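Trainee: My structure is below; once you've seen it, I'll send some questions.
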Amino acid sequence: MNHALPDLKLLRIFVSVVRQQGFAAAQQELNLSTSAISTYMSQLEGQLGLSLCHRGRGGFSLTSKGELFYHETLRLLGELEGFERYSAALKGELRGTLNLGVLDTTVTDPALPLAEVIGAYSEEHPAVHLHLSVMSPYELQLAVLENRLDLAISACPTRMNGLVYQPLYREQHWLYCSERHPLFRERRIPDELITRQRMVGRGYWSQSELARHGFKHSAATVESMEAQLILVLSGAYIGYLPEHYAQHWVDQGQLRVLLPATFGYQAPFSLILRRSRVRDPLLQTFRDLLKAQLTEH
């Protein structure tokens, strides 16, 4: 194998191809033709002395070594970008891209003044490009671990090694049914009747997590709160929702909380980042602004 480091341009093209799952799909992002992308990929494989991916009629896929190399490339590019930002910070300026990820429905959460934080951050650091993504808890953690995200704000039923979780606040969840559900107009509802209802679970909940919320199984699965709300509003299911998100439909008489003394929980939200990037200036300034806004609230 050639001992020289691969060209950074080739590494970035490789990451784009993997992210887009193919040469043709990566054309627009890279502004290159498929033949040019193929040439660059062949150059990278030649420099490394190994095959990174399969391409052809069977579609695009990484080889086993390509998979390992991809994750290491993400780590390397993330560390390099962090170094570039650190060098800029030494000169008194912040530049680069801040990749931030959050759970859905946070826009209605009064406990998380995210819009205010982003507004203040953009005003103080206009040269920083912000990229905001909405993902599930598992996707957010994995993206931070792989350096695809710099920071994430989420409640996480399970945690990953290599990440730092800085506590922010707790989000109240209640169990809801809609006006179309048979229980909506019932006054006295025993616990056992609730647990026999068709319940919506979340794809990122384990069986033990589901049990902690009072149910042995679910009749439907979702990956977002919007999907959860749709199923609950259908009247075919009951399900947990954040209080702040459901409040509009409660006020309209379309949703009802079921047995709040028994069914309800608080989700602990954290700011998530890689352990190796705790002192990154671009991340630190955002963390400081978020902490200040939360203190004011």
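Trainee: Does the stretch 39-53 include one or more residues that are farther than 30 Å from GLU223 by Cα, outside any helix (DSSP H, G or I) and in contact with a His (Cβ under 9 Å, 6 or more places away or on another chain)?
Mentor: no
Trainee: While we're looking at this one, here's another question. Filter the stretch 249-284 down to the residues that are out of contact with any strand residue (DSSP E or B) (no Cβ under 9 Å at 6 or more places or on another chain), open to solvent by 30 Å² or more (accessible area, probe 1.4 Å) and assigned to a helix (DSSP H, G or I) and list them by number.
Mentor: Scanning the stretch 249-284 gives ASP251, SER276, GLN284.
Trainee: Out of the helices (runs of 4 or more DSSP H) lying entirely within the stretch 155-248, which hold 1 or more residues that are in contact (Cβ under 8 Å) with a residue 60 or more places away in the chain and surrounded by 15 or more Cβ atoms within 10 Å (Cβ to Cβ)?
Mentor: Because the criterion is at least 1 residues that are in contact (Cβ under 8 Å) with a residue 60 or more places away in the chain and surrounded by 15 or more Cβ atoms within 10 Å (Cβ to Cβ), the helices (runs of 4 or more DSSP H) in the stretch 155-248 that meet it are 191-195, 225-233.
Trainee: Something else: Which residue, of GLU116, GLU72, is out of contact with any Asp or Glu (no Cβ under 7 Å at 6 or more places or on another chain), modelled with pLDDT of 90 or more and open to solvent by 50 Å² or more (accessible area, probe 1.4 Å)?
Mentor: GLU116
Trainee: Please determine whether any residue of the stretch 196-215 is closer than 25 Å to THR108 by Cβ and among the acidic types (Asp, Glu).
Mentor: Yes: the stretch 196-215 contains one or more residues that are closer than 25 Å to THR108 by Cβ and among the acidic types (Asp, Glu).
Trainee: Further, regarding this structure: If you check every pair at least six apart or on different chains, which have Cβ atoms under 6 Å apart with a residue in the stretch 102-117 that is farther than 22 Å from TYR165 by Cβ first and a residue that is modelled with pLDDT of 95 or more second?
Mentor: From the stretch 102-117, the pairs are THR108/HIS244; THR108/TYR245.
Trainee: So, one more: Would you check which residues across the stretch 102-148 are closer than 24 Å to SER206 by Cα and in a loop (DSSP other than H, G, I, E, B) and list them?
Mentor: Once the filter is applied, which keeps residues that are closer than 24 Å to SER206 by Cα and in a loop (DSSP other than H, G, I, E, B), the stretch 102-148 yields LEU103, ASP104, THR105, MET135, SER136, GLU146.
Trainee: If you go through the stretch 30-65 one residue at a time, how many are touching a helix residue (DSSP H, G or I) at 6+ places or on another chain (Cβ under 8 Å), modelled with pLDDT of 85 or more and either within 14 Å of SER16 (Cα to Cα) or open to solvent by 40 Å² or more (accessible area, probe 1.4 Å) (or both)?
Mentor: So the answer is 17.
The values are calculated or read from the model by the stated rules, or taken from the named source; none is laboratory data. Computed from a predicted structure; not experimentally measured. Positions of Cβ are backbone-derived with ideal geometry, glycine not excepted, and every protein chain shown enters the neighbour counts. Surface accessibility is based on the protein's heavy atoms, side chains included, excluding ligands, DNA and RNA. Shrake-Rupley method; radii C 1.70, N 1.55, O 1.52, S 1.80 Å.
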